[in-house]
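Sending over a structure as structure tokens; questions will come in a sec.
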Number of protein chains: 6
Amino acid sequence: MKLLLINPNISDSVSELIAAEARASAPEGCEITVMTAPFGVAYIETRFEALIGAYATAQLAAEHHAGHDAVIVAAFGDPGLAALREVLPVPVLGLTESALASACLLGHRFSIVAISQRIQAWYREVVEWHGLQQRLASIRALDRPLASIGAVQADHGERLKALCEQVVAEDGAEVIILAGAPLAGLARSLRGQLPVPVVEGVSSAVRHAVSMVALQPGRARSGSFAPPPQKAHQGLPEAIARLLAAG
Amino acid sequence: MKLLLINPNISDSVSELIAAEARASAPEGCEITVMTAPFGVAYIETRFEALIGAYATAQLAAEHHAGHDAVIVAAFGDPGLAALREVLPVPVLGLTESALASACLLGHRFSIVAISQRIQAWYREVVEWHGLQQRLASIRALDRPLASIGAVQADHGERLKALCEQVVAEDGAEVIILAGAPLAGLARSLRGQLPVPVVEGVSSAVRHAVSMVALQPGRARSGSFAPPPQKAHQGLPEAIARLLAAG
Amino acid sequence: MKLLLINPNISDSVSELIAAEARASAPEGCEITVMTAPFGVAYIETRFEALIGAYATAQLAAEHHAGHDAVIVAAFGDPGLAALREVLPVPVLGLTESALASACLLGHRFSIVAISQRIQAWYREVVEWHGLQQRLASIRALDRPLASIGAVQADHGERLKALCEQVVAEDGAEVIILAGAPLAGLARSLRGQLPVPVVEGVSSAVRHAVSMVALQPGRARSGSFAPPPQKAHQGLPEAIARLLAAG
Amino acid sequence: MKLLLINPNISDSVSELIAAEARASAPEGCEITVMTAPFGVAYIETRFEALIGAYATAQLAAEHHAGHDAVIVAAFGDPGLAALREVLPVPVLGLTESALASACLLGHRFSIVAISQRIQAWYREVVEWHGLQQRLASIRALDRPLASIGAVQADHGERLKALCEQVVAEDGAEVIILAGAPLAGLARSLRGQLPVPVVEGVSSAVRHAVSMVALQPGRARSGSFAPPPQKAHQGLPEAIARLLAAG
Amino acid sequence: MKLLLINPNISDSVSELIAAEARASAPEGCEITVMTAPFGVAYIETRFEALIGAYATAQLAAEHHAGHDAVIVAAFGDPGLAALREVLPVPVLGLTESALASACLLGHRFSIVAISQRIQAWYREVVEWHGLQQRLASIRALDRPLASIGAVQADHGERLKALCEQVVAEDGAEVIILAGAPLAGLARSLRGQLPVPVVEGVSSAVRHAVSMVALQPGRARSGSFAPPPQKAHQGLPEAIARLLAAG
Amino acid sequence: MKLLLINPNISDSVSELIAAEARASAPEGCEITVMTAPFGVAYIETRFEALIGAYATAQLAAEHHAGHDAVIVAAFGDPGLAALREVLPVPVLGLTESALASACLLGHRFSIVAISQRIQAWYREVVEWHGLQQRLASIRALDRPLASIGAVQADHGERLKALCEQVVAEDGAEVIILAGAPLAGLARSLRGQLPVPVVEGVSSAVRHAVSMVALQPGRARSGSFAPPPQKAHQGLPEAIARLLAAG
């Protein structure tokens, strides 16, 4: 099985974290490819940055999905996820959606621990988009500048753990979601140290991608996730045009 | 006052409908500019097409917003709206959001009449994103192929009016929203013919844009609609890079 | 264009604030009339006071709406608004509904800053009635006695500004709503001093009233906002009886 | 125990139905008084009619509550209920609220069967105000003109029963609420004829009023149901002024 | 009238509290029987303990309901309530459901005061199951170990009263629900000492049971509360088998 | 890896379907054990039957979980799932929860196709318990008696397929959930024949159980899914008593 993970951001250091956690959590024989957006920002905290990341992801996915069994949008917030699900012939998963699915299988109410104050509003809207606001106990986040996006775990490890303890003790979290690709691997390194189950997006997405491939649920040929109807277009990157034509 | 309306699609015929309705509904002295996306599809029905339209809109807005008092994303579904609200120094409005605001000022429950079956799921998600699902009586849509996107009103006028009557009689609509830029002007031409108030996006957006400019509520310097924090980026169109730098 | 604003309370000092802000925010050529309830209380904080204010408003509206293009219920909480929308032949708007519409056009989550602790429960219920509870970040209010309802801004200006800063910093407000007719004009005097957009009811209602008149959406002849069905009645003020007869 | 039921409408024939059902359902020794609004309409179907009925009810309650152990607002829709709960020194109940409480004790999802098409929107809003929309299976209503409001049961009995059967068979109702004071007594006469439990407002309100008196839960001296704060007022009916002074 | 209250737990001391409060709140002539679960735990705080309590309650109800006019599941959380409502030929009520009904008749938003931190999540889920989360102001609970479940009121009386004051002052509770059979009688002993109405489950359930018997709403013969369809079974306690056969 | 699936019902024929689908969908090297409830009913359609099934499942799980890496409650509706999650030292999954997780990874709105009319209300409540009602497009079900619970697929195959087509065409389902252990294997045999993705509970639960074991999220030692606090108990089956003691 071959999985393509697309980092919607330009940060190679984060792509390395993604790749390491993806490989560590994939079953034997599952081949992992991680691509980094050729354009965009270092990491997404806002809706506008997500808009850019979504388009970069779409281009990479259009160009490179062939030969893979599933595609993973590897940023929390899942920029472009629902859009790509319409046009790609294989399952598409995102970090948020996958982490939410894991959390829902482990408890009733979950909290999200995130890397910046600014990022929280966007995450809240994504949870609302999924209709899961009733199960969201809280979102808490680091409140310090991030010197290096690839080193957040090293630079802020203690504080992140403290936030995890806080959402359990004060907010009633029954499951913790560590949010954001820069935290890939942190759930693994915190194993056994927290009082409730902890999940994160990369490992969840890899595992659920494997499951969705195995289940063979079939692709939508009707309804709102079927390929878009054929219609005039112009000026699109060739790979995207090909996707639309293949619909 | 100068308003910039951006058609996220490549259809000049729809831009003309937008321009005509915008000018008809603008107060005296309000100058209307309509731009058409240089790349994209003929009209948006799906999340993937909206992803493309959002990026095209962002580029046009970045390049051309200077000198305007407000910017309007001129497609129902509002592709890129919340994102642009973060980065542009002037109010940004969308057709859906504006039509919803008008509808909420005229009654409690509204229905949306739309141009294609496929488009309905996306519209429903936009209404949910706004948190207004409790006030949505129904969405109904044309079920015929659209020979010409600029001629939907002419080709399907009777059926659209019948759908309007149906949402009142069967779904309990207290207000009708005619959805989609291709229907710009239809509320005007149906005036007096329907048993409940009727609104559409272009005129609503123009009027609410004028109000938001007049009210001078101030721009977000904090919170999730403030400009994105400064951070590394690469490969972005120059106008978008300038926007991020101006944050 | 002629707008009739009805203060559902007996406080002339508040009517003056309403009139000043209404005139300051109205477009040129828009004529503003403000009427004060002949019976009732000094200001509404409770459901019972709102019941009284609603009836007083209904009587004034019935007697005086003729010759106006729109009517505005000029108390936050909108006593009698939906009821009057059924019987008056012109658009009817309220301060809360209008401020909510403005806030929704400027951000996703809003907070309400109000003049008394007691008033908060009623405001929350009004927001819930509009179905917007998911977008309500918080309500915060003054906790001191109000010596003079017409002088709240002067007496409590610093504390009101501090509450505004608090809802942004602690509650995640992306837009601030200054609630209550006694705060009419405060958004204007705080311009540029707060980190997120600020709106209030009077200016929002005036602007949206102008828009609703301009859009000519039509009056309900069917559904729950059509005039009440003809039926026996007795003992009603003559103007109200006339309204029911005109249905 | 003495209960005061106030018919917010001018229809003596409906007051008689209310009185008969109230007496039939009250426990031994419970004294029933029914008063009819001196001004207003024949029956309430709309928000404006409810506004009038609320004010009439408030006046009657203010004048006549003394000496009673509880007051019942005897129209479905409960005009003025929450307002009166603030100012009266005894429990206040309404027909809708009481029927909803009964329905919730008998099943999970309920349907409302009502007397006119027009009345449905208002009932839906009342259910939403109570936060019970998730448990509302449907509202169905007569669609014929009502020749005599006091004779609805006689004139439309078969159709009402058919509507009851329909909400069970088609809408999944687990409990039926017969809505509207003109249907007082119908649940009693349909006993044993319907496949799910049936409740109505008058008997429910009488029984729950007795319970609330017996439980002695105490009156609010704080929070939003405490008496309104003392403040200036003018022009109010003497009994209402007394209520405000007693706060 | 004869009411059977079933304590789903093995604690005789709590059964005595239940019996005392039930008898104190029942109308004259109402005969109270309280049974204690022959197997299970001392008191229920968790979903697993509720599962055990539900089965114990089902067995007792199956064996002993005959001759009673209504059955009350006498633990907050209502283990097995909806299930028993399907199979018993008489009304079945629970403490939570009954206290919620009382609270909804006395105010708009309520808080729950409970006996242990652990118990809160389960209570929250029960409130959500009833669809009343919008009206839940807060849940607060004791945070000390309970030396004796039958002596909670004596051991923690001051702290419980303080929690009651806190939910009013800080959480906006308009009504207080004292939760848990071990608190039976506490509302009675706190009468007049708290600033908003206070209710608890046992007295509410007894009163509402009397009402549901008096109203004679009829038993479900259709829909999801009708007796389960006949089908093969094996190994069931004889009384439960009889219930299924009687369907 | 070893998975224990517990059929909460007494139907060996359904256990065989469960075992076959579990083995077909498990990854290589995953060992499947299926146990059948020693007491209970043939299949669960109602809350009371679920109460019995929950207790039977708890006993089997207590006795037999040792040596397994995860436990699956193998009935749609998940009787006892949340309860067992508190007490078992390994991940516990249910068919409904797992199918919902799969559906949410494949589309936005899903429909449930079920085996009997009666079963629908219970399923709806389970979806509501998960907070996913906004994403539930519809529930549709067979309306014929089930001659043999192990042969539902053979006896009603055409009708089940027709229901699947109906939820897509009429209800807007983007994903179909085939509900109920008696339908285990049907998604597999319908592969490629339906216009949207199709999932069911057994294969979803097996796959997600494997993922939850692989992710090693940790067990709750705090919060509402931690083992129940130690307390007095009596009369419990030995295995359950051991579980409580191990907490």
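The numbers here are math on the coordinates, done by the rules we state, and not lab data. Only a predicted model underlies this, so the values are computations on that prediction, with no experimental measurement involved. Heads up, the Cβs are rebuilt from the backbone with ideal geometry, glycines too, and the neighbour counts pull from every protein chain shown.
Can you compute the modelled spin-label distance between residue B:169 and residue A:241, with each label point 7 Å from Cα toward Cβ, in nm?
Placing both labels 7 Å along Cα→Cβ, they lie 4.7 nm apart.
Taking each residue in A:92-104, count the Cβ atoms of any other chain within 10 Å of its Cβ, then average. What number comes out?
Values: counts 2, 2, 1, 0, 0, 2, 4, 0, 3, 9, 6, 2, 8.
For peptide A:92-104, the averaged partner shielding equals 3.
Can you list which of the DSSP-assigned H helices in chain B have a Cα extent of 18 Å or more along the long axis and an average Kyte-Doolittle score of at least -0.5? Working shown, then result.
On the way: long enough: B:12-25 (20 Å, 0.16); B:47-64 (25 Å, 0.28); B:152-171 (25 Å, -0.42); B:201-215 (20 Å, 1.16).
Going by DSSP H runs, the hits are B:12-25, B:47-64, B:152-171, B:201-215.
If amide hydrogens are placed 1.01 Å from N in the peptide plane, which non-local residues have theirs closer than 5 Å to the one on residue B:35?
B:5, B:6, B:7
Counting only other chains, and only Cβ atoms inside 10 Å, what mean value do you get across the residues of F:130-142? Before the final figure, lay out the partial values.
On the way: counts 6, 12, 6, 4, 8, 4, 1, 1, 0, 1, 0, 0, 0.
The mean count of partner-chain Cβ atoms within 10 Å per residue comes to 3.
Sticking with this one: Considering only the label points, 7 Å along Cα→Cβ from Cα, what distances in nm to one decimal separate residue D:170 from the same position in each other copy, shortest first?
1.2, 1.2, 5.2, 5.3, 5.3
Give the distance, in whole Å, between the Cα centre of the range C:211-245 and the Cα centre of the range B:147-201.
So the separation of the two Cα centres works out to 24 Å.
To continue, here is another question. Which of these, F:60, F:84, F:194, has the largest mean-square fluctuation under a Gaussian network model of chain F (Cα springs below 10 Å)?
F:194
Can you compute log10 of I(q)/I(0) for the range D:97-201 with the Debye formula, treating each Cα as one identical point scatterer, at q = 0.12, 0.21, 0.24 Å⁻¹?
Cα-only, vacuum Debye calculation for the range D:97-201: -0.34, -1.10, -1.45.
Here is a further query. Under a 10 Å cutoff between Cα atoms, tell me which one of A:159, A:221, A:118 has the largest fluctuation in the Gaussian network model of chain A.
Taking springs between Cα atoms under 10 Å, the residue moving most is A:221.
Give a residue-ordered list of calculated ³J(HN,Hα) values for the range A:76-86 (Karplus: 6.51 cos²θ - 1.76 cosθ + 1.60, θ = phi - 60°; whole Hz; x for Gly, Pro).
Listing the rounded values in order: 5, x, 6, x, x, 4, 5, 5, 5, 4, 6 Hz.
How would you rank B:126, C:198, going from fewest to most other Cβ atoms within 10 Å of each one's own Cβ? Working shown, then result.
Numbers: B:126 22, C:198 27.
Ranked by crowding around the Cβ, least crowded first: B:126, C:198.
Right, next: Label position 7 Å from Cα toward Cβ: report the copy-to-copy distances for residue D:237 in nm, one decimal, ordered from shortest.
Counterpart label points of residue D:237 in the remaining copies fall at 1.4, 5.8, 6.6, 6.6, 7.2 nm.
Something else about it: What is the range D:99-149's relative contact order, in percent, from Cα pairs under 8 angstrom and six or more apart in sequence?
On the way: 47 pairs, mean separation 23.4, N = 51.
This gives 46 percent for the range D:99-149.
I want the local charge near residue F:32. Using Cβ-Cβ distances under 9 Å, sum +1 for each Lys or Arg and -1 for each Asp or Glu among the other residues.
Details: positive: F:2, F:23; negative: F:31.
Spelling it out: positives minus negatives among the neighbours equals +1.
Rounded to the nearest 500 deg cm²/dmol, what is the calculated helix-only ellipticity per residue at 222 nm for the protein assembly as shown, with -39500 (n - 2.57) per DSSP H run of length n ≥ 4? Provide the component values of the computation, followed by the final result.
Working: 54 runs with 652 residues, N = 1482.
The per-residue figure over the protein assembly as shown is -13500 deg cm²/dmol.
Here's something else I'd like to know. Which whole-number percent gives the relative contact order of the range F:97-201, counting Cα pairs below 8 Å spaced six or more residues apart?
About 36 percent, as a whole number.
When chain A is treated as a GNM, springs tying every alpha-carbon pair under 10 Å, which of A:149, A:177, A:18 comes out with the largest mean-square fluctuation?
Maximum among the listed residues: A:149.
Moving on. Based only on other Cβ atoms within 10 Å, what is the fewest-to-most ordering of F:33, B:36, F:57, C:96? Can you show the working numbers first?
Details: F:33 15, B:36 21, F:57 31, C:96 28.
So the residues, fewest neighbours to most, are F:33, B:36, C:96, F:57.
If you don't mind, there's one more thing I want to ask. Please tell me the relative contact order of chain B in percent, rounded to the nearest whole number, where contacts are Cα pairs under 8 Å and at least six residues apart. All intermediate terms of the calculation are to be shown ahead of the outcome.
Working: 480 pairs, mean separation 58.3, N = 247.
Averaging sequence separation for qualifying contacts and normalising by length gives 24 percent for chain B.
Note down the nm distance, to one decimal, between modelled labels 7 Å out along Cα→Cβ at residue B:232 and at residue D:33.
Using points 7 Å along Cα→Cβ, the separation is 8.2 nm.
A follow-up question, please. Return A:224, C:11 ranked ascending by Cβ neighbour count within 10 Å, so the fewest neighbours appear first. Walk me through the numbers on the way to the answer.
Details: A:224 26, C:11 23.
Fewest to most other Cβ atoms nearby, the residues stand as C:11, A:224.
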